[in-house]
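Structure record follows, encoded as structure tokens.
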Amino acid sequence: MFPIVELPEIGQHYTPWFVPVFSEEALIQFQRYVSGLIVSENKTIDGINKLIVHESRNQSSLNRLLTVTPYSESSLNQQRLRLLASLPGTRLKSKGVLSVDDTHLVHYGLHFEKIAILWDPVEERYAPAHNLVNLHYSDDQTDYPIAFQLWKPADLVKIEAGLQAVGIKLRTSKFELKESNPKKWRQYLLGVWSRHQGKPEVAALYESKLLIARRKLAQFVADYPGLKLPITFDNWYTQPAFCRYLNKELQLPYVGTLAKDDQVILKSGRETLQSFAARLKQEHLDAVKLGQKPFFRKITIPYKGEKETYYSYCRTLRVHNFGKQRLVINHTQPDLSDKPRFYNSNRLYWQASGITRIRRHRWPVEVYHQEGKAEGLDQYQVRDFQAISRHIGLVAVTYSLLRAAPHDQALKQKLQRQLKYDLDDSTPAWRRTTCAQSLWSLGGLIAAGLAQGHSLDEVLSPLLAAVYT
């Protein structure tokens with residue numbers, strides 16, 4: 001990490017887009033915070049404040065940006081999207097794909113507001129964490145978050161009282177679970193809530209991750225009525241009610257992810273996808289040996305400037321609980337030796353290549369969760385829930401600036417002239433570029449001081465003091 005002696009060029013270049021959001025003083029703190037998120041290894045308020053040495057300010061100034069400064073998170077997100085829409089490479093395109101996913105922001109300790117004990121699939125254990133639901137956009141040139149929201153744990157007291165208030169009876173025998181088995185009580189109460197969430201007064205009692213995803217997608221449709229982008233998601237979100245909502249209410253195409261124990265309904269009865277795929281594989285291998293038409297067809301899809309090959313089975317079938325679906329079973333190996341992947345879509349005329357291409361664009365949201373954490377997505381120390389939400393919004397801005405920069409020729413050419421090397425287009429590369437530019441600025445400051453006749457000690461003393469303090 002190099003001390004920041006002037007705001008990085010990427011921050012200065014895009015600041016005008018955010019002038020409408022902040023007051024003059026808050027805009028300075030916004031610039032400092034975003035610059036620190038890009039350059040600093042320590043993404044906390046204290047770490048960022050220590051790194052910025054070109055002006056001396058108490059870290060409380062940055063803290064106020066998250067806690068008390070009056071600005072609209074919604075307006076900040078709108079300006080971020082307007083900036084991205086201004087560049088041909090990052091604007092929304094008709095071939096783009098939306099994906100829905102969530103990630104855990106793990107924090108050890110229960111002193112953070114709205115934190116919950118959640119299953120961590122990476123560590124394969126329960127851990128205290130916030131959960132962030134994301135609506136992400138991807139095409140072959142770019143990707144970035146469209147909308148996001150922190151999930152709030154269910155308030156069981158509120159749900160219990162709310163259900164009873166609207167006349168929904170709870171089993172008397174279940175009340176003892178409150179003391180004897182709180183986990184089962186929670187499961188029971190949320191199960192009752194889920195079965196009645198079609199009623200507005202019940203839905204208002206708790207916003208699940210699925211309801212957050214619904215609302216974010218409905219808002220996207222309202223904001224972009226002429227852009228019917230397909231939605232893709234993993235198995236957790238591939239739930240019948242969610243798929244019906246996308247199909248009937250929003251009238252959007254989707255590509256979901258089925259599990260091996262989901263069932264297709266054949267003339268012979270129900271069969272799990274695992275069994276169905278194994279039978280198809282054997283019939284395919286037998287057909288290939290006999291020189292007959294194979295069941296799995298070789299397809300090639302474009303993805304991020306590359307070509308990818310799959311071996312696909314595609315047919316319209318009835319899937320238990322989902323109704324008639326376009327089913328795709330994919331392998332990556334010609335001999336089908338790898339595990340099959342199962343995808344479903346409500347567009348019954350789509351072919352395997354189109355469905356596979358759309359599903360492939362779910363991966364960038366996973367990359368965003370990884371790279372976003374490199375930008376500080378889970379490195380907050382503030383306890384207040386709104387402050388955490390604001391931090392996440394500023395991380396989304398930071399990530400978006402790094403996604404916009406490779407498509408901004410004016411900025412790119414300016415930095416190439418200064419740093420004297422060709423710039424890579426990846427997000428990590430642009431983070432390194434910003435660090436390199438900070439080093440350049442530091443070197444320039446030292447050179448200017450020496451040229452003015454100051455000693456090296458005189459030039460470095462105030463910088464060292466700021467870093468040490």
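For Tyr399, Tyr108, give the ranking by accessible area with the largest first, probe 1.4 Å.
Tyr108, Tyr399
Rounded to the nearest 0.05, what FRET efficiency do Leu317 and Glu25 have when you use their Cβ-Cβ distance and R0 = 56 Å?
Calculated value: 0.40.
Under 23 Å from the Cα of Lys95, which lysines turn up, not counting those fewer than eight places away in the same chain?
Lys216, Lys228, Lys248, Lys298, Lys304, Lys307
To the nearest µm²/s, what D does Stokes-Einstein give for the range 312-449 at 10 °C and 1.306 mPa s, using the Kirkwood radius over alpha carbon pairs as Rh?
82 µm²/s
Kindly state, to the nearest 0.05, the FRET efficiency for Asp457 paired with Ser180, given R0 = 60 Å and r defined as their beta-carbon distance.
Calculated transfer efficiency: 0.25.
What trypsin sites (Lys or Arg not before Pro) in the range 411-460 are in a loop by DSSP, with at most 10 other Cβ atoms within 10 Å of the Cβ?
In loop regions of the range 411-460 (DSSP not H, G, I, E or B), the sparsely surrounded trypsin sites (Lys or Arg not before Pro) are Lys420.
Just to confirm the number: angle between the C-alpha axis of helix 24-39 and the first principal axis of the chain, 0 to 90 degrees, nearest 10?
In the chain, helix 24-39 runs at an angle near 70 degrees to the longest axis.
Keeping all protein chains in the complex and leaving out DNA, RNA and ligands, what accessible area do you get for Trp193 with a 1.4 Å probe, in Å² to the nearest 10?
Number for this one is 10 Å².
Mind checking which of Pro3, Ile48, Pro121 is farthest towards the positive end of the chain's charge dipole, using Cβ charges of +1 (Lys, Arg) and -1 (Asp, Glu) about the Cα centre?
About the Cα centre, the residue reaching furthest to the positive side is Pro121.
Under a crude label model (7 Å from the Cα following the beta-carbon direction), how far is Ser72 from Arg215 in nanometres?
Going by the 7 Å Cα→Cβ label model, 1.7 nm.
In nm, give the distance between the simple-model label positions of Ala222 and Phe385, each being 7 Å from the Cα along the Cα-to-Cβ direction.
A separation of 2.1 nm, rounded to one decimal place.
Pick out, in residue order, every one of the GluC sites (Glu not before Pro) in the range 24-103 that is DSSP loop and has at most 16 other C-beta atoms within 10 Å; say none if there are none.
Glu41, Glu55
Tell me, what ³J(HN,Hα) does each residue in the range 349-366 have, in order and in whole Hz, if you take phi through Karplus 6.51 cos²θ - 1.76 cosθ + 1.60 with θ = phi - 60° and put x for Gly and Pro?
Rounded to whole hertz, the list is 9, 5, 9, 4, 5, x, 5, 5, 4, 5, 5, 4, 7, 7, 4, x, 5, 5.
What's the magnitude of the charge dipole for the chain around its Cα centre, counting Lys and Arg as +1 and Asp and Glu as -1 at the beta-carbon? Answer in Debye, nearest 20.
It comes to approximately 2500 debye.
Please list log₁₀ I(q)/I(0) at q = 0.11 Å⁻¹ for the range 1-150, using the Debye equation with identical point scatterers on the alpha-carbon positions.
With one equal scatterer per Cα and no solvent, log10 I(q)/I(0) is -0.56.
Can you compute the helix-only [θ] at 222 nm over the chain? Use -39500 (n - 2.57) per DSSP H run of at least 4 residues, normalise by all residues, nearest 500 deg cm²/dmol.
After summing the helix terms and dividing by residue count, I get -13500 deg cm²/dmol.
Between the helical axis of 182-195 and the dominant principal axis of the chain, each derived from Cα atoms, what acute angle in degrees is found, rounded to the nearest 10?
The helix 182-195 is inclined about 70 degrees to the chain.
Could you give the length gained by full extension between Ser275 and Ala127, i.e. 0.36 nm per residue of separation minus their alpha carbon distance, to one decimal place?
49.8 nm
Scan around Leu258 for amide H atoms under 5 Å from its own, H built in the peptide plane at 1.01 Å from N, and keep only partners 5 or more places away or cross-chain.
Here Phe342, Tyr343, Asn344 satisfy the definition.
Could you compute how much accessible surface Val288 exposes when probed at 1.4 Å, giving the result in Å² to the nearest 10?
Val288 exposes around 80 Å² with every protein chain in place.
If r is the Cβ-Cβ distance from Leu156 to Arg297 and R0 is 56 Å, what FRET efficiency results, to the nearest 0.05?
FRET efficiency, Leu156 to Arg297: 0.65.
Using a 1.4 Å probe on the protein heavy atoms, what percent of the accessible area of the chain belongs to carbon and sulfur?
Of the solvent-accessible surface of the chain, carbon and sulfur hold 52 percent.
Under the Karplus relation 6.51 cos²θ - 1.76 cosθ + 1.60, θ = phi - 60°, what is the ordered set of whole-Hz ³J(HN,Hα) values for the range 79-94, x standing for Gly and Pro?
5, 4, 5, 5, 4, 4, 6, 7, 10, x, x, 10, 6, 5, 10, 5
Would you report the distance distribution of C-alpha pairs in the range 34-117 as whole percents per 10 angstrom bin, up to the bin with the largest distance?
Result, from short to long distances: 13, 26, 38, 20, 3 percent.
If eta is 1.567 mPa s and T is 4 °C, what Stokes-Einstein diffusion coefficient results for the range 198-281, Kirkwood Rh from Cα pairs, in µm²/s?
Estimated diffusion coefficient is 87 µm²/s.
Among (i) 38; (ii) 28; (iii) 23, which one is percent of Cα pairs over 37 Å apart computed from these coordinates?
(i)
Among Ala410, Val100, Ser438, pick out the residue whose Cα is farthest towards the positive end of the charge dipole of the chain, where Lys and Arg carry +1 and Asp and Glu carry -1 on C-beta, about the Cα centre.
Val100
Roughly what angle does helix 209-223 make with the longest principal axis of the chain, taking Cα atoms, 0 to 90 degrees, to the nearest 10?
70 degrees
Just flag the trypsin sites (Lys or Arg not before Pro) in the range 230-273 sitting in loop per DSSP whose Cβ has no more than 10 other Cβ atoms within 10 Å.
Answer by residue number: Lys267.
Non-local amide H neighbours of Glu308 (under 5 Å, H modeled in plane, Pro and chain starts lacking H): which ones?
Amide H neighbours of Glu308, under 5 Å, 5+ apart: Ile301, Tyr303.
The values are calculated or read from the model by the stated rules, or taken from the named source; none is laboratory data. Being a predicted model, the structure only gives us computed values, none of them experimental. Reconstructed Cβ throughout: ideal geometry from the backbone, glycine too, with neighbour counts over all protein chains shown. Calculation scope for accessible area: heavy atoms of the full protein, side chains included, ligands and nucleic acids excluded. Shrake-Rupley method; radii C 1.70, N 1.55, O 1.52, S 1.80 Å.
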